[in-house]
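Novice: One structure is given below, represented as structure tokens, and several questions about it will come after.
The values are calculated or read from the model by the stated rules, or taken from the named source; none is laboratory data. Keep in mind it's a predicted model, so treat the numbers as computed, not measured. In this analysis, Cβ positions are derived from the backbone assuming ideal geometry, glycine residues included, and neighbour counts consider all displayed protein chains. Just the protein is used for accessible areas: all its heavy atoms, side chains included, with ligands, DNA and RNA removed. Shrake-Rupley method; radii C 1.70, N 1.55, O 1.52, S 1.80 Å.
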Amino acid sequence: TLAVGLGGVWVEVLRDTALRVLPVDAAEVRTALSELRGAALLDGVRGGRPADLDAVAEVVAEIAA
């Protein structure tokens, strides 16, 4: 099983994760990331830099393989 979340205290405080049964590809990881309640943080809200979600999804899929 793969669990994705924002990490750190965000996971604990918001209880914000998305789960997938392995194996997964980058597209499935990208979908899981978009389901997070905190997904807006990854998009770069309030002047923050957006995360490269395609690159994150690729890395997570490779690690999960």
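Novice: Go through segment 11-20 residue by residue and turn each phi into a ³J(HN,Hα) via Karplus (6.51, -1.76, 1.60, θ = phi - 60°); whole Hz please, and just put x for glycine and proline.
Specialist: Calculated HN-Hα couplings, in order: 5, 5, 6, 8, 6, 10, 9, 10, 10, 9 Hz.
Novice: OK, next. Taking Cα atoms, how many degrees apart are the long axis of helix 53-64 and the longest axis of the chain, rounded to 10 and kept between 0 and 90?
Specialist: Long axis of 53-64 versus the principal axis of the chain: about 40 degrees.
Novice: For the chain, what relative contact order do you get, as a whole percent, if you take Cα pairs closer than 8 Å and at least 6 residues apart?
Specialist: 33 percent
Novice: Computed over the Cα atoms of the chain, what is the ratio Rg over Rh, Rh following Kirkwood?
Specialist: Radius of gyration relative to Kirkwood radius: 0.96.
Novice: Could you tell me which residue out of 21, 61, 41 lies farthest along the dipole of the chain toward its positive end? Charges go on the beta carbon: Lys and Arg +1, Asp and Glu -1, centred on the Cα centre.
Specialist: 41
Novice: Moving on to the next point. For residue 14 and residue 58, calculate 0.36 nm times their separation in residues minus their Cα-Cα distance, and state this gained length in nm to one decimal.
Specialist: Separation in residues times 0.36 nm, less the Cα-Cα distance, equals 13.4 nm.
Novice: Using a probe of 1.4 angstrom, how much of the accessible area of the chain is carbon and sulfur, in percent?
Specialist: It is 56 percent, rounded to a whole number.
Novice: Express the accessible area of the chain per residue in Å², computed with a 1.4 Å probe while the remaining protein chains stay in the model.
Specialist: Value for the chain: 69 Å² per residue.
Novice: A further question on this structure: Treating only the Cβ of Lys, Arg, Asp and Glu as charged (+1, +1, -1, -1), what charge dipole size does segment 2-64 show about its Cα centre? Round to the nearest 20 debye.
Specialist: 280 debye
Novice: To the nearest 500 deg cm²/dmol, what mean residue ellipticity at 222 nm is calculated for the chain from DSSP H runs of n ≥ 4 alone, each contributing -39,500 (n - 2.57), summed and divided by the residues?
Specialist: One gets -13000 deg cm²/dmol as the mean residue ellipticity at 222 nm.
Novice: Filter the GluC sites (Glu not before Pro) in the chain to those in DSSP coil with at most 10 other Cβ atoms within 10 Å of their Cβ, and list the result.
Specialist: Taking the chain and a limit of 10 other Cβ atoms within 10 Å, no loop GluC sites (Glu not before Pro) are found.
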